[in-house]
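Contents: one structure, followed by commentary.
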Amino acid sequence: MTFRLYNTLTRTKEDFTPIDPKNVRMYVCGPTVYDFAHIGNARPVIVFDVLFRLLRHLYGAEHVKYVRNITDVDDKINARALRDFQKQIDEGSMSLNDAIGAVTEKTANQFFSDAEALGCLEPTFQPRATKHIFEMVEMINVLLQKDHAYLARGSEGREVLFSVDSMKGEYGKLSNRSLDEQRAGARIAVEAHKKNPADFVLWKESGSKEPGWQGEFQPKTNAGYEAELELSETNMRELNLNSKKVTVHGRPGWHIECSVMSKAHLGEVFDIHGGGLDLIFPHHENEIAQSRCAHGSDVMANVWMHNEFLQVEGHKMSKSLGNFVTIAELMRGWRGEPWSGAAIRFEMLGTHYQQPIDWSPDRLTVAKANVQMFAGNTQKRDFKFDSAFDKAWNHVAIPSAELISNLSDDLNTALAMNLIKQSISKISNLSDEERVALVHDVRFLGLVTLGQLPYLTGSFSLSQMAEVLVDNASINFRDWRVFKSNNDVQMSNEREKWFQSKLIQVVSPDKITFHGSDPTKGKIERLIEDRLVARHTKNWKESDRIRDELDAMGVAIKDNKDGTTTWEVKR
RNA sequence: GGCCUCGUGGCGGAGUGGUUACGCAGAGGAUUGCAAAUCCUUGCAUCCCAGUUCGAUUCUGGGCGAGGCCUCCA
């Protein structure tokens with residue numbers, strides 16, 4: 001079987017050959033943790049999770065390393081910290097640094113739980129930029145010594161800049177653009193202190209007049225770093241500097257973070273580097289420039305993969321259009337319905353990663369219907385207690401050869417999902433072998449986990465209903481904690497009301513308890529029993545009245561063929 | 001200006017050099033006190049032009065139309 005991947009670097013589909021089959025290495029650009037992840041962010045998370053699963057299958061789980069970073073140093077984070085914690089900072093009850101820590105911690109945690117809800121495996125490493133500052137300074141020094149970088153004074157202070165001219169002929173290969181074309185384009189701001197307008201920042205001085213920066217930070221903390229920068233002879237002459245060392249109190253540029261974190265965990269040259277389409281230029285181009293020049297290598301990674309973008313209902317997703325949807329919001333309820341992580345993943349994998357997706361309730365409905373059909377049918381007694389099914393669930397997922405062959409063709413999840421959708425549509429009529437294959441494939445793709453099954457069927461047992469409520473509660477609880485920590489009294493009160501209405505008790509900042517199960521359960525069961533009695537005596541009036549009453553409680557009932565009545569929370 | 005993607009039934013949306021998945025909506029039926037749910041059956045489609053080919057929705061070229069990226073962005 002051949003395993004092929006489209007490589008942005010060569011613009012062709014190539015056979016994939018790892019540098020070392022015992023150590024297959026992949027780096028994917030993770031989130032900048034200034035705001036909750038939206039569905040656009042979810043795409044690379046899901047796509048590269050599938051690739052991770054495939055690599056693990058092909059080379060053995062212990063032979064694959066997957067690094068997805070957390071960018072927790074960025075001007076947007078600082079801005080967010082100032083916005084959210086302005087009051088506390090002004091009052092002196094919180095340092096800007098702590099505020100930044102609160103923002104990144106909160107956002108990163110939400111990202112982790114989002115990724116989990118979307119059925120993603122945890123990457124091997126999830127490094128944070130703030131833990132690698134020293135190595136960044138080190139790499140910048142290497143670049144300075146090799147004359148690939150220079151110190152200059154910009155409008156906002158001193159900067160260490162990467163010199164793209166020092167890499168002429170090689171810079172721009174990934175994005176397929178030459179420096180000459182760049183100059184012709186009108187989009188690049190010409191800044192006098194740059195040797196070439198395309199030169200980008202490696203290190204940026206933090207000005208003392210920027211609120212709260214100067215003196216607020218200690219070397220160990222998350223923002224504002226003292227960097228010792230060695231200057232090359234050339235730079236010294238140009239800047240008329242006498243000393244060989246210059247200290248710049250500042251912060252790293254965006255691109256250097258990934259160069260450093262990938263090197264730290266995967267080495268100077270590795271197999272696969274992934275991310276969103278928009279990162280090709282300038283982010284990945286600049287990563288390549290930094291890493292190759294610092295290490296003197298021909299490539300940074302052999303294969304570069306980029307996922308296409310996602311639109312929302314035909315439009316670019318943006319805050320100004322008001323169609324910005326976070327993952328948590330989708331699961332809580334979007335366009336009138338909550339969408340499970342499984343449905344979101346199902347929908348996402350239905351399109352090849354290099355195709356744009358238009359995100360809409362219609363498409364999600366399809367995915368949801370499929371997931372529910374699968375889950376519902378596998379919940380049926382004759383299916384569930386069937387030994388073949390049992391076996392499939394209780395063993396490690398062994399994907400079918402066809403699934404692997406589809407995925408091996410440049411991660412063709414659309415084709416893989418086609419297989420699954422077809423099997424699901426005739427799930428009741430599948431042979432034992434086909435059923436087992438379906439169960440394995442669905443699990444391999446991370447579409448459904450055993451723990452998720454009860455939530456997907458729509459036919460909740462009583463205890464499962466309680467679980468669902470607690471599950472929804474956990475999302476609200478997360479929000480409540482955020483509002484609480486922001487001292488947003490109005491919003492946290494609103495959440496508390498929600499809990500009260502659902503008979504859920506907030507025990508502590510880490511714990512919630514569901515108390516609503518028993519009374520509700522008893523009432524519903526009693527009403528259903530009463531109604532069954534009424535039906536047996538053909539008292540249709542009373543029977544319908546009870547149905548209305550249950551309906552008002554948000555409970556929908558179904559009279560089954562065998563004379564029993566089941567119920568579910570109305571969706 | 002540079003780079004790139006897409007155009008399939010009423011709608012959403014896959015795949016394929018030779019009978020066009022799947023879902024929603026529609027139609028018919030089973031079941032039902034009614035309803036809901038469920039199950040079964042079913043009608044409906046490949047933007048236009050040219051080329052390659054025995055054969056094109058699929059490959060190539062052109063046209064028309066839609067959208068994205070190039071600036072922080074996944």
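Of note:
- The stretch A:405-415 - phi-based ³J(HN,Hα) in whole Hz, Karplus 6.51/-1.76/1.60, Gly and Pro as x: 5, 5, 5, 6, 8, 6, 6, 7, 6, 5, 5
- Stretched out straight at 0.36 nm per residue, the stretch from residue A:134 to residue A:20 would grow longer than its current Cα-Cα span by 38.2 nm.
- Applying 1/(1 + (r/R0)^6) with R0 = 22 Å to the Cβ-Cβ distance of residue A:264 and residue A:10 gives a FRET efficiency near 0.25.
- Under-5 Å amide H pairs with residue A:3, H placed in peptide plane, nonlocal only: A:16
- Multiplying the residue separation of residue A:329 and residue A:90 by 0.36 nm and subtracting their alpha-carbon distance yields 82.9 nm.
- Per residue, in Å², the accessible surface of the stretch A:1-75 once ligands and nucleic acids are set aside, probe 1.4 Å: 36 Å²
- Taken along the Cα-to-beta-carbon direction at a fixed 7 Å, the label points for residue A:425 and residue A:395 span 2.9 nm.
- Sparse-neighbour loop sites [trypsin sites (Lys or Arg not before Pro); the stretch A:407-442; at most 13 other C-beta within 10 Å; DSSP]: A:426
- Sequentially through the stretch A:255-268, phi angles give Karplus couplings (6.51, -1.76, 1.60; θ = phi - 60°) of 6, 5, 4, 6, 4, 6, 5, 5, 5, 4, 9, 10, x, 6 Hz, Gly and Pro residues having no value and appearing as x.
- Under 18 Å from the residue A:238 label point (7 Å along Cα→beta-carbon), backbone N, the stretch A:132-151: A:140-151
- Links that overshoot a 24 Å alpha carbon limit, given the list A:76/A:316; A:106/A:204; A:131/A:194; A:194/A:245: A:106/A:204; A:131/A:194
- Test item: Cα-centred dipole of the stretch A:1-135, Lys/Arg +1 and Asp/Glu -1 on Cβ, debye: 580 debye
- The HN-Hα couplings worked out from phi for the stretch A:38-45 by the Karplus form 6.51 cos²θ - 1.76 cosθ + 1.60 (θ = phi - 60°) are 9, 5, x, 5, 5, 5, x, 4 Hz, whole numbers, x standing for Gly and Pro.
The values are calculated or read from the model by the stated rules, or taken from the named source; none is laboratory data. Quick caveat: nothing in here was measured; it's all calculated off a predicted structure. Cβ atoms come from the backbone with ideal geometry, glycine included; neighbour counts cover every protein chain shown. The accessibility values were calculated without ligands, DNA or RNA, using every heavy atom of the protein model including side chains. Shrake-Rupley method; radii C 1.70, N 1.55, O 1.52, S 1.80 Å.
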